[in-house]
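What follows is a short report on a single structure.
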Amino acid sequence: MSSSRIALVTGDQQLAQSIPDYFQNNLGQPVFFSTFETIRGHLGSRDAGILVLVAAKPADLTPVIHLIQEVRLMEWPCRIILLQTKAASDARDLSFLDPHLAGRFSWPDEANRLGDLIKERLGRNRKLLAAAPEETLTERISQRLLRQTPSLAALAEPLALAANHDMIVLLTGETGTGKTHLARLIHECSPRRQYRLLSIPCGALVATLVESELFGHVKGAFTGADQDKIGKFQAAGEGTVLLDEIETLGLEQQSNLLRVIETGEYEPVGSNRTQLCTARIIAASNCNLEEAVDRGKFRQDLYYRLNVLSFYLPPLRERVQDIGPLVRSMAAKFAQKFGKELFAISPEAMAALEAFPWPGNIRQLENVVQQAVLMSQGPELLWPHLPKLVQENAEAGHASNGVLKDSLAQNRADVERSTIQRALMKHGYTRSHAATALGISRVTLYKKMKKYGLMDWPVQQAQAV
């Protein structure tokens, strides 16, 4: 199905056939079919649609609840309808999900009621839920970035170029800024995606064993080498090798790595037999390699080889617009891990998280969100669930501005800023559409974006006004 207003998600093959037949025969509506494992790749775009989830058996209840949590926490623009068979209904009362659904029906007993609701919803909303195969690679990468790291959306086109071609890619930025995530995005969008991505933490390798880890060794190559061992380059096969913290390699290892990059050739330690590396190489560094070259700590020729296509990831403190999407994604993950019935994050809690400087970047943010979700009770993550350090930072910031946290003016500003951010994300950063949804003019939205420091949010070229 190339495109549809309705996406059906079920793990039951029989219902995967009968329900689309019902929609087509009785409503004249095509249905895009997906499973609980694959639907996430089709969500999060600016095209709203109807998501029909089917709980056919008790085992479906957990993936259904998890997907509803994720959609609501991520604020993806789609309406959710839940169909449940008698077997699923008898297993658990799902009425607690009703506030997060457009409708909940027994299947097939309430098929007519479902049809009436579908007709009503489609009458209000003419946008399509687009299927991923229609998107270009650049659009697909852009949508993935917009879901979690919107500040990087402008990199979609060069990232698509990197994914499509087997060139060396260099990723730089402070530790914890998401370099591994970006490397995985490039790999998963590349022709090598069916093979593995092998991450090598160079900084964690013992200096005397670096070459053995990278290139392997033969039996008897050194004391303790009691059998042959394949290296990381061979283990990666046709996949991708991520050399993380590449600046920690010594100059001799850098020389051997340069040879692999230039010719693909290397020899296992203790062997004269030349082998060929068929993997793609992505390098990542926490420091400025150009400065390391000037200090004599990094080979200039290797730096030139690595710096074919490079991406710099700014620290999280300079990417405030990414905090909201990251928090929502992390909250969904940990809510599922800890079995929490969490569906929303309060504006006050989100404002406090956005105000924190995050010296540990995304890694520290993830730790804080994990702790907050664990402490949470009920359907919403609130201010009291946040660690004391985050609360105190927010209070100190408000106090320095002459406004207490509990003041009406500050709370109103926090809520307004978060509301504008959500509207911009829901409408693909199209300001005119976001302004219409907010019930204000584009000029007013522009002024408020300027007021709240949102002018640097990524806006696609065709949507710049």
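The values are calculated or read from the model by the stated rules, or taken from the named source; none is laboratory data. Here the structure is a predicted model, which means the values were calculated and not measured. Glycine gets a Cβ as well: all are built from the backbone with ideal geometry, and neighbour counts include every protein chain shown. Surface accessibility is based on the protein's heavy atoms, side chains included, excluding ligands, DNA and RNA. Shrake-Rupley method; radii C 1.70, N 1.55, O 1.52, S 1.80 Å.
A few comments on the model shown:
- Annotation: of all residues in segment 206-216 being in contact with a Gly (Cβ under 7 Å, 6 or more places away or on another chain) and open to solvent by 40 Å² or more (accessible area, probe 1.4 Å), the one that is farthest from residue 251 (Cα to Cα) is 213.
- Among the criteria (1) at pLDDT below 80; (2) surrounded by 15 or more Cβ atoms within 10 Å (Cβ to Cβ); (3) part of a helix (DSSP H, G or I); (4) not polar (S, T, N, Q), the one residue 459 does not fulfil is (3).
- Residue list for segment 61-72, filter: open to solvent by 60 Å² or more (accessible area, probe 1.4 Å) and over 30 Å from residue 429 (Cβ atoms): 62
- Across segment 226-276, the qualifying residues are those that are basic (Lys, Arg) and closer than 26 Å to residue 183 by Cα, and the one among them that is surrounded by the most Cβ atoms within 10 Å (Cβ to Cβ) is 232.
- One residue from 388, 405 being at pLDDT 80 or above and either open to solvent by 30 Å² or more (accessible area, probe 1.4 Å) or touching an Asp or Glu at 6+ places or on another chain (Cβ under 9 Å) (or both): 388
- Some residue of segment 73-85 being loosely packed, with under 15 Cβ neighbours inside 10 Å, outside any loop (DSSP other than H, G, I, E, B), over 23 Å from the mean Cα position of the chain (by Cα) and at pLDDT 85 or above: no
- Of all residues in segment 277-296, those being closer than 16 Å to residue 170 by Cβ, open to solvent by 30 Å² or more (accessible area, probe 1.4 Å) and not polar (S, T, N, Q) number 3.
- Residues of segment 337-348 satisfying the condition of being under 24 Å from residue 176 (Cβ atoms) and open to solvent by 50 Å² or more (accessible area, probe 1.4 Å): 337, 338
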